Amino acid sequence: MDRQDADSFSQNDNRNIKRELKEQLNSLQQAAQQEFDIEISASQMLQDKAYFQLVINELSALEHDEISGIIAEIKQLAADLRKRPDSAPVTAPAAPIQAAAVPQKSDDNQSKLLIYAVLGMSVVLLAVVIYLMLMPKTVTAPATSVAPPTVAATAPVQTSAPAATAEPKGLTLPVSNPVVAFRLHGSNTIGEKLAPALLEAYLKTIGVTEFYWKKGAVAVERELQYIQDGKVFAIELHAHGSSTGFKGLKSGKADMGMSSRPVKPTEIEDLKAAIGDLSKVGNEHIIGLDGLAVIVNQNNSISSLDSATLARIFAGEISNWKQVGGADMPIKLFARDSKSGTWDTFKNLVLKKYGKKLAEGATRLESSSELSTGVSADEGAIGFIGLNYVGHSKAISISEGQDTAAIFPTRFTVGTEDYALSRRLFFYTPTTASNLIKDFASFAISRKGQDIVEEIGLISQNIKVEKVYAASDAPAKYNQYTEKGQRLSLNFRFNHGDKELDNKGKRDLERLISYMEKNAGRRVVLMGFADSVGKADRNRWLSLNRARVVERELVSRGINVLEVEAFGEALPVANNNSEAGRARNRRVEVWVL
């Protein structure tokens, strides 16, 4: 920086900005302590760039009105200070240069020139330090619900990330005309929290360090801007509902779809010629699992319902809680909007199964969070929501009839898909998608991506182990395994009369192999089950045959199986009166000893 340019700025303005910045940092320190009992150091934020950025990012994520306002002021003051080349760190001024430190020459002119050169270099170095110390890395963050973080005030937290390409000076976010990298449209369940977290995590793996979330015209539309290779790129994220993802792929307005339901046969045929078969494993990516929890107010005494009663409630045929054993108060219905995959799943698993339609008086909402809040504020309310949106409401257990036990939605029962209202979450990519899109989809189903799914509150496909206890209606041999074995959080499932694993099963094979490689001392037992259609002997044979299919796949990959058991139509997890229920009963459980 030129000394003449630096002198053109007012020293008084600089002092005022620094004083205001100190005051705002002290205010932030006080607010964090009072509101969340978080201890931060205002003085350390002035001295340590990494600590400064960590505190700003973590406190921004809390979405507290007062704290967010203070942070906005700090960012503005920091930006103003960076624009002034003669500014210096408030708490760490440079030591004055002593004349004795400069070698004396016989020629006075040469001595003066040398002193001016040293002074000029010092000004440049100080300006660079100020810029690097206060430059924000993540300007804003996606709206996610997080627990208050603990920020250490004694030592900076060191973070590691792939080295990014050096960017030109002066390139800042946001910009009005970024290069569109790709457009991601569809499910609100995925788009509200999970997709933003996956996008940021993936971009970090390719060296991106600067992000900016730009709000769109409506709450469910956003744009993620980022800097890479000297350019500003953007990923468009629209989360209006699952069906809009497939419509966007068809119209060319979307490059990738998000859905909380499987693609429909009609959609597969409609899109096949243009973008490929979305039912194939290369185009359909199961990125996680979600339990469709039925929620009531915490003060409601009802704790369990069967699916037939649930359908009658949402159809308006049962309108008072006393009709199902509860208090004498009217039932108020909350439901997701018609574009939502959450609604589509509930409609097909509950209402359509019993030939019912949603009551006209139901309150319809586009946002999952708003629905949960509405139920928590009304003692007569009932709604359905993704498992991670239960919030301050109460989830109840669901049974599919007299022959099946009521199962509560937990991470394990959803992970095994035994819970009646469990569902898969999907990314859909065209066969001709760019490498960036395919790499992002692969990241989402990887172990790192699944860790993020878990952090968001959804159910990951990373394998977990759970103790299972003996059941009075279980075969004796099954109960023997409960005494010495543990069950893994995955089931292999098959279509009716089909010996080929579904797309999730094909991916789960690789996950199971990875698990066994890390747990070499454990032995695998496969247990096959069938639906109740046909004779019992044939169903037992079918359950054995399907378990053998999984065995062959594992053996071909070097994993030996200790035992293969066939239990036929025993222990149904769903009602056999519907195809969806029969499909869930046709399963192979994986146990380890």
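The values are calculated or read from the model by the stated rules, or taken from the named source; none is laboratory data. Bear in mind that the values here come from a model prediction, so they are computed numbers and not experimental data. Cβ sites come from the backbone with ideal geometry, for glycine too, and all protein chains shown count toward neighbours. We work out accessible area using only protein heavy atoms, side chains counted, and drop any ligands, DNA or RNA first. Shrake-Rupley method; radii C 1.70, N 1.55, O 1.52, S 1.80 Å.
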request  = Go through the residues of segment 484-493 one by one and say whether even a single one is in contact with an Asp or Glu (Cβ under 7 Å, 6 or more places away or on another chain), of a type in the set (D, E, K, R), in contact (Cβ under 8 Å) with a residue 40 or more places away in the chain and open to solvent by 30 Å² or more (accessible area, probe 1.4 Å).
outcome  = no
message = of a type in the set (Gly, Ala, Ser), in a helix (DSSP H, G or I) and crowded, with 17+ Cβ neighbours inside 10 Å: which single residue out of Gly257, Gly245 fits that description?
response = Gly245
remark   = Of (1) in a helix (DSSP H, G or I); (2) at pLDDT 95 or above; (3) farther than 30 Å from Ala444 by Cβ, Leu542 satisfies every one except (2)
message = Just to be sure I understand, how many residues within segment 443-460 are under 16 Å from Lys504 (Cα atoms) and surrounded by fewer than 15 Cβ atoms within 10 Å (Cβ to Cβ)?
response = 2
note = Matching residues in segment 260-276 (in contact (Cβ under 8 Å) with a residue 60 or more places away in the chain and outside any helix (DSSP H, G or I)) number 5
key: Single residue of segment 197-231 satisfying the filter (assigned to a strand (DSSP E or B), open to solvent by 20 Å² or more (accessible area, probe 1.4 Å) and not charged (D, E, K, R)) that is farthest from Leu436 (Cα to Cα)   = Tyr212
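If only one of Ala433, Ala520 is open to solvent by 10 Å² or more (accessible area, probe 1.4 Å), in contact (Cβ under 8 Å) with a residue 12 or more places away in the chain, assigned to a loop (DSSP other than H, G, I, E, B) and hydrophobic (A, V, I, L, M, F, W, C), which one is it?
Unique residue meeting the criteria: Ala433.
So that you can scan it fast, the table gives a plain yes or no per residue for (1) within 25 Å of Ser260 (Cβ to Cβ); (2) touching a His at 6+ places or on another chain (Cβ under 6 Å); (3) open to solvent by 20 Å² or more (accessible area, probe 1.4 Å):
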residue	(1), (2), (3)
Asp328	no, no, yes
Phe346	yes, no, no
Ser368	yes, no, no
Ser376	yes, yes, yes
ask   = Can Ser372 be described as within 25 Å of the chain's Cα centre (by Cα), more than 13 Å from Ser307 (Cα to Cα) and buried (at least 23 other Cβ atoms within 10 Å of the Cβ)?
value = yes
task = Name the single residue, out of those in segment 349-387 being outside any helix (DSSP H, G or I) and of a type in the set (D, E, K, R), that is farthest from Ser187 (Cα to Cα).
result = Glu379
task = Determine which single condition Ile463 fails, assuming it passes every other condition in (1) open to solvent by 50 Å² or more (accessible area, probe 1.4 Å); (2) within 30 Å of Thr482 (Cβ to Cβ).
result = (1)
inquiry  = Would you confirm, using the coordinates I've provided, whether Ala239 is hydrophobic (A, V, I, L, M, F, W, C), touching an Asp or Glu at 6+ places or on another chain (Cβ under 9 Å) and buried (at least 18 other Cβ atoms within 10 Å of the Cβ)?
reply    = yes
ask   = Just to be sure, is Ala50 open to solvent by 50 Å² or more (accessible area, probe 1.4 Å), at pLDDT 70 or above, within 24 Å of Ala197 (Cα to Cα) and assigned to a helix (DSSP H, G or I)?
value = no
